[in-house]
Amino acid sequence: MVQEHWNGADLAHLASGVDRSGTSLPSQGWMALRRLGWSVTVAEGVYVPDRVVRIVQEQAGRVLRSAWWRAEITAALLATWPADPARRTEAEWEALRAALPDGPVVATSVLLARTRQIAAFQDRHRRLLADVTECESAPRAGGQVVLAAVDKQLATLERCPEDPVRYGVLTVRLPVKPAPACRADWRAVRIRFRLPPHVPATAVLCAPTLRVRQGRLLLDVPYAFVVAKPERAGHRTAVAFDWGLNTMLTGGALHLTGEAQPRVLTDGHPVYFRAGGVLAKADRLRVHAEHISARIDQLRTLIASRQERGMRPNPWLVAKLTVLEAERERVARRRTRLNAALTRAAARFMTDHAVAAGARVIYLEDLRDIQARGKGRTLNTRLSQTVRGAIVTHLRHRAAAHGIAVVIVPPRGTSKYCPYCLTAFHHHKAPNNRAAGWAWATCPGDACGYSTGRDHAAWQRIGARGLTHQHKTSLDRASKTFVIRSVVEALDRTSTVQQQTRDRTKSGPTAKRPVPGKRRMVPAPPGNRTPTRARPGGKRPAGRTPTHPTHRSRRCPRQQGPTTIGTPARPHRPDGARLGAGFHRHAHTTPTRGQPWPSHPPERSRTPGTTQETQAD
């Protein structure tokens, strides 16, 4: 069915939402195709129940409907094709955004990728394509059975009566022979399967999707349960994260005060998700796949050249091409599994820290339009291969189970300005290397002088921008996601802290003050007073402040001599059995802290390790 209706006219007719009589099409794919008269041809002498035909039509309808979005983007690009596809002018970009149905929402990276695809087609055929069906072959529906399109006459799903928490039972009618000739050749089969431990006992099991992989039957069983509704605004505590390369995610918790002029405070404790080993392996697999693809293209060129000259294909070349195609599919599966594991781990990391901080919102920046330029060929490719979109999609699904909202904020200026005084940062390579670089940021302001990592400053500004602009959060009707589309300049300003002065109202006799002319100007103590610990006499000897054997001050919290080098605090470095094996040996995260923000806002302090104030922009 997909191959038969893979053309621009049928895609437009299905996406129009009305049939030939002008009646609205239903949302179910199989019912919409039947309304349009797109039927399935069954072989003669074979009996196929109508519910099985529904499954075929439902899967085909989903595939064809999902292709219309790509068709719209391709049509808009063709209608506004620029003179130089590699570099559009500002007017050409505006014309393209106006031609798109959702112009401001579509990521620039998607438009650039489609532009390169059309340009490659133009180089091969010396003309522009007509629609998306010319440059893309008909997508495969996949070897799966979507039982959501059928009713109880074909399949039923329920929990196992003996153990309803751990097991489920699927009853489905299947053919007993390859070519069933009558209804009696379809019999009910009872499949008992184990439910994953994360499925709640009170969840309602929905119709599954069946698929066969490596000779095993797999069931994709969706389940529904009641959760708290994510709130658009009204948040006091939030967590924010910034994207990185080797340190993929850097974030922390923030708190919005309830003062007349609200301030955003942070405890200054960042959390990290480091997946350098996983990303390095993904990069090696990418290079290997590109090398195999280049060899496949070369072999196909050699085979095609022999066929053009009327010669038979070389059997050795054909056999080698078959081996390389199988190897490319194997590498693609490895990359898919690795990216899926990375996506799940990153989403769980962010959700766990949000739950531990008591936050009901997670703020991220929209980096779909990131352009990795000027960093070298290797680093540019690694930046472009990060699965940020898949991580955000999985994060929304995981956070919804806890009633946590995921809000996307504008990324402009999050790494450029100081989170405390909003002065433009000076970026350099390291704290002890002032050469121009990327990793470290220092505020040039004399009153601030804040120096920290680039990602550490960015997540503070992302969270502050989200908390101060939460009333500007809107719900995207198409994707059902929360997003802040623009930044309000009035909210991006530094807060004015009123200095608390001592009350000088006279309420009693004036205290006696020493007369400056009668003060002793020598370090020796007065003759009428004996030196004590509270009132020592004179100056102490030169050198560092000695530490008392029992008394511990805040400045010297432990016993340390003048020439002793203190042992720094040991960071989180998992070793031994904690590392595990495989994926978890190369992905490390900061442990969660079960200390949410107190009911009262913390006091403002500039001491490292305590609460600090940050600005929105």
Selection status of Leu395, modelled with pLDDT under 80 and surrounded by 15 or more Cβ atoms within 10 Å (Cβ to Cβ) = no
Unique residue being under 26 Å from Ala347 (Cβ atoms), assigned by TED's automatic domain parsing to the domain that holds Thr351 and not charged (D, E, K, R) when the list is Thr209, Thr266 = Thr266
task = Look at segment 151-163 and say how many of its residues are crowded, with 16+ Cβ neighbours inside 10 Å and over 12 Å from Cys206 (Cα atoms).
result = 1
task = Mind listing just one residue for me: the one in segment 114-138 that is in contact with a helix residue (DSSP H, G or I) (Cβ under 7 Å, 6 or more places away or on another chain) and hydroxyl-bearing (Ser, Thr, Tyr) and, of those, farthest from Arg87 (Cα to Cα)?
result = Thr133
query = Do we have Ala43 as crowded, with 16+ Cβ neighbours inside 10 Å and small (Gly, Ala, Ser) here?
reply = no
request  = Would you mention how many residues in segment 474-488 are among the hydroxyl-bearing types (Ser, Thr, Tyr), part of a loop (DSSP other than H, G, I, E, B) and in contact with a helix residue (DSSP H, G or I) (Cβ under 8 Å, 6 or more places away or on another chain)?
outcome  = 1
remark   = Selection over segment 96-119 where residues are touching a residue at least 12 places away in the same chain (Cβ under 8 Å), surrounded by fewer than 16 Cβ atoms within 10 Å (Cβ to Cβ), more than 14 Å from Arg70 (Cβ to Cβ) and among the small types (Gly, Ala, Ser) yields a count of 2
note = Exactly one of Leu249, Leu219 is surrounded by 18 or more Cβ atoms within 10 Å (Cβ to Cβ) and outside any loop (DSSP other than H, G, I, E, B), and that residue is Leu249
ask   = How many residues, within segment 464-496, are within 23 Å of the chain's Cα centre (by Cα), at pLDDT below 80 and of a type in the set (Gly, Ala, Ser)?
value = 2
ask   = When segment 164-187 is examined, which residues are found to be surrounded by 14 or more Cβ atoms within 10 Å (Cβ to Cβ) and either over 28 Å from Cys206 (Cβ atoms) or of a type in the set (A, V, I, L, M, F, W, C) (or both)?
value = Val169, Leu170, Val172, Leu174, Asp185, Trp186
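Okay, residues lined up against (1) assigned by TED's automatic domain parsing to the domain that holds Ala345; (2) in contact with a helix residue (DSSP H, G or I) (Cβ under 6 Å, 6 or more places away or on another chain); (3) not in a strand (DSSP E or B):
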| position | (1), (2), (3) |
| --- | --- |
| Thr393 | yes, no, yes |
| Ile408 | yes, no, no |
| Thr414 | yes, yes, yes |
| Pro419 | yes, yes, yes |
| His428 | yes, no, no |
| Pro444 | yes, no, yes |
| Gly449 | yes, no, yes |
| His456 | yes, no, yes |
| Arg461 | yes, no, yes |
Candidates Val189, Val169, Val212, Val239 - the one that is part of a strand (DSSP E or B) and in contact with a Cys (Cβ under 6 Å, 6 or more places away or on another chain) = Val169
query = Looking at (1) of a type in the set (Gly, Ala, Ser); (2) under 30 Å from the mean Cα position of the chain (by Cα); (3) within 24 Å of Asp123 (Cα to Cα), can you tell me which one Ala79 breaks?
reply = (2)
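The values are calculated or read from the model by the stated rules, or taken from the named source; none is laboratory data. No experiment lies behind these values; they were computed from the predicted model shown. We place every Cβ from the backbone using ideal geometry, glycine too, and count neighbours over all the protein chains shown.
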